[in-house]
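To start, the structure under review is shown below, and the notes come after it.
Where a number appears in this text, it was derived from the coordinates with a stated rule and is not lab data. A quick note: this is a predicted structure, and the numbers were derived from the prediction, not measured. Note that we place each Cβ from the backbone using ideal geometry, even for glycine, and neighbour counts take in every protein chain shown.
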Amino acid sequence: MLWTPTRIVCNTLINLKSEIFGCYVRILVRREHSSLVSLSSVPFKKGKGEHRNLRLLPTLRLYPRIMTKEETSAERDDMQIDGRELEHLQVSTIPGGFSADYLKLYYGKLFPHADIYRWLSYGNDGKHPACDHSYFGRREFSFTLENDIYVRFQSFNNAVDMENSIREKCPYKIDIGPVYSVDPAKRHAYAQSGNNVFAPVERELIFDIDMSDYDDVRYCCSGADVCLNCWPLMTISMKVLDTALRDDFGFNHILWVYSGRRGVHCWVCDGRARRLSNEQRAAIADYFRVYKGGENNVKKVNLTGPVLHPFLARSYTDVLKGFFEGKLLASQNLFATIERFQKILEIIPDESIASELLDKWQGNRRSSISKEDVNVVRWEQLKHVLQSGKQKAQGLRRCVEEIIFTYTYPRLDMEVSKHMNHLLKAPFCVHPKTGRVCVPIDPYNCDNFDPTTVPTLSQLLEELNMSGMRSESEDEWERTSLGKSIKFFRSSFLSPLLKSCKMESLYNSKVKQSKNALNW
Amino acid sequence: MEIVRSQRKPADAAVVPALSLYRSAPALEVRLEDFELYAIDRLRVLQGISDGLSRGKKPDEMEKLVSELWRAHMRLQDPSEEMNKDIISHFVLRLVYCRTEDLRKWFLSMETSLFRYRFRLESSESQRLLMSEFQLPYKAISHAEFETVKDKLNQVARSTGPSSNAETLFFKVPFEEVPELVAGRRVFMLKGFAYVAMNQIVSLVATQFRSNLSKALVLTNSRKWTSTVRDKEKNRLTPIVEALSTGYLGPDYSQPKEFSEISLKDIDQLASSSFPLCMRHLFDKLRENHHLKHGGRMQLGLFLKAVGLKLEDALAFWKSEFSQKVGAERFDKEYSYSIRHNYGKEGKRTDYTPYACHKIISSTPSVGDHHGCPYRHFRLVDLFNQKSDVLYFLVFIYYNSAMHTIHCESIRAAQKSIVHMLQIFCFSIIVVCNCHSLFNSEENLRAALGKMGVGGRSLDDILDKVRSRHYQVACTLTFEAVHAASCDSGINHPNQYFEASQKTLQTTVS
């Protein structure tokens, strides 16, 4: 077989080369299609502006398995490859999935270090006298390295430190912890000096919703899997929480992030949210808590009182009810089989009503050949029985709401939100199992978010490869599908946040806080 | 003798006689024995509150308990003497409980509870006075503002209970000030503000009290204890102070007792003889699924540590189970860390203390979790709210007699028919009462207790306690039923259960 290189100039691989192997590298990656991808480079000097001088450097040689005569005859200029072929190459050159080498490139070229730094500095990186210059340095970062080596209490004095460390260590996962009273990396040194207690002082209010907590109410997937039938459960969770955080709690700077596989994370970044005590965090988490799990607890949702709290009522009428009836009923086929509707009937406290419905549905399995969806029909029957004038009992009327809450209301991981020192994965990390990037989600447009089209590491590198030939713009990520996520992060989250931080620090410098004179 | 010289002038002449905010230490002379005796009396009150809370008493029960405790230990003939005793004992205990984070935490929550229930006992007039004494910057909302949110406020009031005579006096406060009202969704929230009704004001005041005391305790530690009292009073007050905090903290289960080292081969036998239900449940689930989620691993793991399982044995034990599900390699990678962590061999390197009942009861197990207190988490709460107790009682009698017959019967066929008959009978009654689901959830507990060998009369007693939410009492009764021995101190800690059980078993053997 004939193997001749097609040369494509590739800017992306420089860091890989420089940081792992020094100067001169040639890496072969074998993949399923058994085409060979070889990276080779000329020696280059590592030094100032190392990755700016890309043009000098490495080349990616593609060795397609089958070559035509013309192609083999001469080394072609990359620009001559036509678009269709590029499309094809895009699929076949970077092997799918996840690898340390790819990650290195990702951190080198695409990861928005500067934005993360500016976010977590909260305006304390400027020259303003009110800036707390130790602020960023007291933030804990944790890295998960290859082979599940977990390194806690990393801290960085500035953006350059952080960027260098991330690139050098190439963590599989970066977790962000709280801001401590002292630099977490030097906590032992401070511990000896006595007075300085090492304790968290600030932390974003965070929420973690995980699809695997919904396993008892979804039938399309289970565990770590998600599909477009169950993902909307996350969408409505975001809607319910986002609205309440803004309207009830008055928070404005809320960042929603796809967790990379099966859930979403929420970062509430207002100053007020960051300074909440553990007790206050627990209170907010409890405010949101409706669902009470536990395997031996039959009824997971108990709504008491003659009416719902305004927050629950609003969530119910604005989001949950419409979603349950309009979407979930049919998409999960909640009434299609006996096991499924029996589960719903168990929620009804009145056994006679439950068995009446059970008999009815078991009996007419065949007869209902009407065009209407069986789930919708049965749900209407159930509602009719429970809400008809006959049922005076409060508990039964409330039951319809309880069913809907059981199946749709957000299920939070309470522990994550309750404590300041809980770690949470940083946005723009790459999930090692799926290779997908943890991109921000627009809460106002979350219906259109599709977890199955979130860019993957290999896809991004591929895009970079392809576009490398076309343009040489400043920011690499602009040429990839990560671009719009980073733009969204900046425009919708970061810049309003920093603006308000500026206002806050101005305000603080004006108002001298008189401390409570407390007697012992 | 003067304990402490106040750094500020003492507060203005007491406006409200009964309840002090303890803003400043009094410039009083105290006899040395009073110093200690007053403190011990107050400690008895706080200890009583702590017990009441961990038994899950409801607010009105707590109110009663607090006033009883106060009357028993703190009441004096002369009101001004009593006031002095109150203040002196409070400040002595501040010294005692300012010295470590754990001590501060306990003292803070007990004092706040005490304050809360004493505040509730005050007249509304003096409540208002106390509020003004806190100098809270909140004003009642205007009539115009009230009108705009009236519907929502009503909705909240109705959602929390049928009572509530339309309250019209509301305070608009940052939600951070009233965490417990937020947590219970008992206030209307708008743009970061909570609308607190006058009858909820106790939460606001208690939070304020708590935060003042919390700051003050840290100051007491740094300014008073470490800098002056500890050394200057080395021969006089320091020994008293140090003795006071250790004498009453209850037994410490953080270190396994020497005699109680257990080995891996005994563990199954011990689990069935001496584990409390919560641990047995975890243990059984672990054996069954070869896996436990984090909460369960912590609860069981720390318990086993305190029982006397050594680190190597613990690793072997968990590995033998987990490796059946996730494989030995993944166990070493992902789970062994946290076990070593529990034993203080990783991370912060603190030797973690096993969970006490209070912590277990207040945990919040979610889907797939097995930790928590079975007495609390196995069953439904709030079902009794709307039904009449009489009907329940009837149903229970039928149900129990049915169960009883089943147990007595020896022939299978007869059993079956009786079961069938009674089931129908019960079912009809249950249907009448709309309460079948109560049995579903209670059956889990019933079955679990049955597995421990509890039945008949004592089972009913236990379930009765569970229904009235006395989970620790239920656990104590279980202990008594299983061991046929009394447990006067009550169960406050799973390891206490274990040790008491071992002790009972050993005495019966020897």
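If you plug the beta carbon distance of residue B:136 and residue A:337 into 1/(1 + (r/R0)^6) with R0 = 60 Å, you get a FRET efficiency near 0.55. Return the whole-Å distance between the Cα centroid of segment A:134-181 and the Cα centroid of segment A:302-317. Each part reduced to its Cα centre gives a spacing of 42 Å.
Its convex hull of Cα atoms gives segment B:264-373 a direction-averaged projected area, equal to a quarter of the hull surface, of 6.6 nm².
Applying both filters, DSSP loop and at most 16 other Cβ atoms within 10 Å, to the trypsin sites (Lys or Arg not before Pro) of segment B:124-155 gives B:139. Near residue B:105, which aspartates and glutamates are there with a Cα under 13 Å away, not counting those fewer than 8 places off in the same chain? Within the straight-line cut-off, residue B:105 pairs with A:279. If you wrap the Cα atoms of segment B:143-203 in a convex hull and average its projected area over all directions, you get 3.8 nm². D by Stokes-Einstein for segment B:174-250, Kirkwood Rh over Cα pairs, 25 °C, 0.890 mPa s: 159 µm²/s. In this Cβ point-charge picture (+1 for Lys and Arg, -1 for Asp and Glu), segment B:264-373 has a dipole of about 240 debye about its Cα centre. Toward the positive end of the charge dipole of segment A:308-355, with +1 on the Cβ of Lys and Arg and -1 on the Cβ of Asp and Glu, the farthest Cα among A:336, A:317, A:355 is that of A:317. Sequentially through segment A:475-484, phi angles give Karplus couplings (6.51, -1.76, 1.60; θ = phi - 60°) of 8, 4, 5, 4, 8, 10, 6, 6, x, 6 Hz, Gly and Pro residues having no value and appearing as x. Listed cross-link partners A:104/B:319; B:293/B:359; A:300/B:58; B:215/B:293; A:383/B:191 are compared with a 25 Å cut-off, the Cα-Cα value being larger for A:104/B:319; B:215/B:293; A:383/B:191.
Full extension of the chain segment joining residue A:220 with residue A:318 gains 32.8 nm, where the gain is 0.36 nm per residue of separation less the Cα-Cα distance. Phi-derived couplings, Karplus 6.51 cos²θ - 1.76 cosθ + 1.60 at θ = phi - 60°, listed residue by residue for segment B:228-241: 10, 4, 4, 8, 5, 9, 3, 9, 10, 8, 3, x, 5, 4 Hz, with x used for Gly and Pro.
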